[in-house]
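The values are calculated or read from the model by the stated rules, or taken from the named source; none is laboratory data. Predicted model only: the values in this text are computed from it and were never measured. Here the Cβ positions follow ideal geometry from the backbone for every residue, glycine too, while neighbour counts run over all protein chains shown. The protein model used for the area step is the full one, side chains on, heavy atoms only, and it has no ligands, DNA or RNA in it. Shrake-Rupley method; radii C 1.70, N 1.55, O 1.52, S 1.80 Å.
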Amino acid sequence: MYVSQLSVFVENSSGRLYEVVDAIGKAGLNVHAMSIADTSDFGILRFIVDDPGRASEVLRGAGYVSSLTEVVAVPIEDRPGGLARVLRILSEAGVGIEYLYAFMSHGKGSAYVILRVGDNALTVRALGAHGIKAVGQDGLRDL
């Protein structure tokens, strides 16, 4: 159970982030989570949106380079130590984490973490063995 993450290469200049987000919004797409990693010249903007394929088309049409990557979205307890529990499980299973970012949902006490890992299937199995169920693309609509 995976989620498609949209990655967009964005020039690091005034107004570029707005242009990307505005294009997504004007297409009627909802952003659930977002992260940006930048250098002095460009940034990599990572999105979790309700329709990643459509978002990719919209951004390519606007002249942006983008790609889709399968990542794992998992709930975490929104309390001290909630994220540490998930990371301990993954560490014990030998899962390597490339990067992660988190977001809150509409429900009280509901937080989620997006994980880019070396092995999605191992990640889902390890967490599932501890009662933590990954959220699929369709599950994002309910958050």
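Against the conditions (1) in contact (Cβ under 8 Å) with a residue 24 or more places away in the chain; (2) closer than 30 Å to G128 by Cβ; (3) of a type in the set (A, V, I, L, M); (4) in a strand (DSSP E or B), V8 satisfies every one except (2). Per the listing A55, A126, A93, the residue uniquely buried (at least 18 other Cβ atoms within 10 Å of the Cβ), more than 29 Å from F9 (Cα to Cα) and modelled with pLDDT of 90 or more is A126.
Selection over region 1-17 of residues that are over 19 Å from the mean Cα position of the chain (by Cα) and at pLDDT 90 or above gives a count of 0.
Residues that are buried (at least 16 other Cβ atoms within 10 Å of the Cβ), at pLDDT 95 or above and assigned to a loop (DSSP other than H, G, I, E, B): does region 77-85 have at least one? There is no residue in region 77-85 that is buried (at least 16 other Cβ atoms within 10 Å of the Cβ), at pLDDT 95 or above and assigned to a loop (DSSP other than H, G, I, E, B). When region 96-123 is filtered for residues that are among the charged types (D, E, K, R), more than 18 Å from R46 (Cα to Cα) and modelled with pLDDT of 95 or more, only D119 remains.
Within region 5-23, being of a type in the set (D, E, K, R), open to solvent by less than 50 Å² (accessible area, probe 1.4 Å) and under 14 Å from F42 (Cα atoms) holds for no residue. In the set (1) in a helix (DSSP H, G or I); (2) within 29 Å of L127 (Cα to Cα), V72 fails one condition alone, (1). Selection of region 24-36 for residues being open to solvent by 20 Å² or more (accessible area, probe 1.4 Å) and more than 23 Å from P75 (Cα to Cα) yields G25, K26, A27, G28.
If only residues of region 58-67 that are part of a strand (DSSP E or B) and touching a Ser or Thr at 6+ places or on another chain (Cβ under 6 Å) are counted, the one that is surrounded by the fewest Cβ atoms within 10 Å (Cβ to Cβ) is S67.
Filtered by the rule that a residue be among the aromatic types (F, W, Y) and more than 23 Å from T123 (Cα to Cα), region 46-69 gives a lone residue, Y64. Every condition in (1) of a type outside the set (V, I, T); (2) without any contact (Cβ under 8 Å) to a residue 60 or more places away in the chain; (3) closer than 24 Å to A27 by Cα is met by L100 except one, and the failing one is (3).
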